[in-house]
Amino acid sequence: MHAPHSPNPLTPSPPLTVAIVGVHGVGKSYTAQQLEDLYGFRYVRLEAICEAQGLHPTQRQVLFFSKFVSEYVEKTAKHSNSKRPIVFDSHPLLVLPYTEWWLSKAGKSPHEIEELVQAFKHIVRNLPKLTMLVYLKPATINTVIERIKGRSRFNFHEELDEEYVTYIDARTEELVAREGPKLAERVLLVKAELEGRERATRIYRLLQARPIIKEESLRKAVTQYGI
């Protein structure tokens, strides 16, 4: 009988990988930047808003998803032997609720929308697993609206639609609760109203100190850890 395989002690552990999700304007990029500035994370930006300008909604969402996936996989693989932790300011999972919204607005049938979303979901489930998936949750939509008002992006007026913001936030929470344990070793909710440095500090401390959460609901995890 062969002895159980023992990991080579000289083989470096993969770096910690964190992805931050939440509705647009909630503070994902700023939180990621704070993790880089305060704790030395390598900040990877996932964005395609300028490239998507003028495209049909279906093409736009395919562009977003394909770019997010390629950047995520490339950067994860590139830094697999690095000791420096990585933080992504989004995740391909976040494209799903936006796909639902924009294809619905474009008049696509529920069947067509579900077909594309399910295809995206199958790919997301096969991505490299995260150490931690962080969901920034606003207590009220006003938190997000006020932050969007300070933006200078060409589509910020579009992003101010309260129905839009409410839908994306609610669907993101549902997706994180359902898919999060499949995508990451830990799933954490952090209050968006916290100041940026405090958000980063809480994420860092929990990343270092807390045991791995597996197959627990998001709500139970939030209650347990009092984030």
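Data table
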{"quantity": "Positions within the range 96-110 being touching a residue at least 40 places away in the same chain (Cβ under 8 Å) and in a loop (DSSP other than H, G, I, E, B), in sequence order", "calculated": "Ala106, Lys108"}
{"quantity": "Meets criteria (over 19 Å from Phe65 (Cβ atoms) and part of a helix (DSSP H, G or I)) for Glu185", "calculated": "no"}
{"quantity": "Some residue of the range 99-106 being crowded, with 21+ Cβ neighbours inside 10 Å, farther than 25 Å from Ala32 by Cβ and in contact with an Asp or Glu (Cβ under 8 Å, 6 or more places away or on another chain)", "calculated": "yes"}
{"quantity": "Extreme residue, surrounded by the most Cβ atoms within 10 Å (Cβ to Cβ), among residues of the range 78-95 that are charged (D, E, K, R) and in contact (Cβ under 8 Å) with a residue 40 or more places away in the chain", "calculated": "Asp89"}
{"quantity": "Flag if Val187 is buried (at least 19 other Cβ atoms within 10 Å of the Cβ) and modelled with pLDDT of 95 or more", "calculated": "no"}
{"quantity": "Selection status of Leu35, at pLDDT 95 or above, touching a strand residue (DSSP E or B) at 6+ places or on another chain (Cβ under 8 Å) and within 28 Å of Gln208 (Cβ to Cβ)", "calculated": "yes"}
{"quantity": "Evaluation of Tyr135 against (1) of a type outside the set (A, V, I, L, M); (2) assigned to a helix (DSSP H, G or I); (3) surrounded by 21 or more Cβ atoms within 10 Å (Cβ to Cβ) (one fails), failing number", "calculated": "(2)"}
{"quantity": "Some residue of the range 65-76 being surrounded by fewer than 16 Cβ atoms within 10 Å (Cβ to Cβ), among the β-branched types (Val, Ile, Thr), assigned to a loop (DSSP other than H, G, I, E, B) and over 13 Å from the mean Cα position of the chain (by Cα)", "calculated": "no"}
{"quantity": "Among residues of the range 37-46, those that are charged (D, E, K, R) and either crowded, with 17+ Cβ neighbours inside 10 Å or in a strand (DSSP E or B) (or both), counted", "calculated": "1"}
{"quantity": "Among the residues listed as Val176, Val222, the single one being at pLDDT 95 or above and either surrounded by fewer than 17 Cβ atoms within 10 Å (Cβ to Cβ) or out of contact with any Pro (no Cβ under 8 Å at 6 or more places or on another chain) (or both)", "calculated": "Val176"}
{"quantity": "Conditions (1) within 22 Å of Ile145 (Cβ to Cβ); (2) in contact with a Ser or Thr (Cβ under 9 Å, 6 or more places away or on another chain); (3) not polar (S, T, N, Q); number of the one not met by Phe68", "calculated": "(1)"}
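The values are calculated or read from the model by the stated rules, or taken from the named source; none is laboratory data. Values in this document were obtained by computation on a predicted structure and should not be read as measured data. No Cβ is skipped: glycine too gets one built from the backbone with ideal geometry, and neighbour counts run over all protein chains shown.
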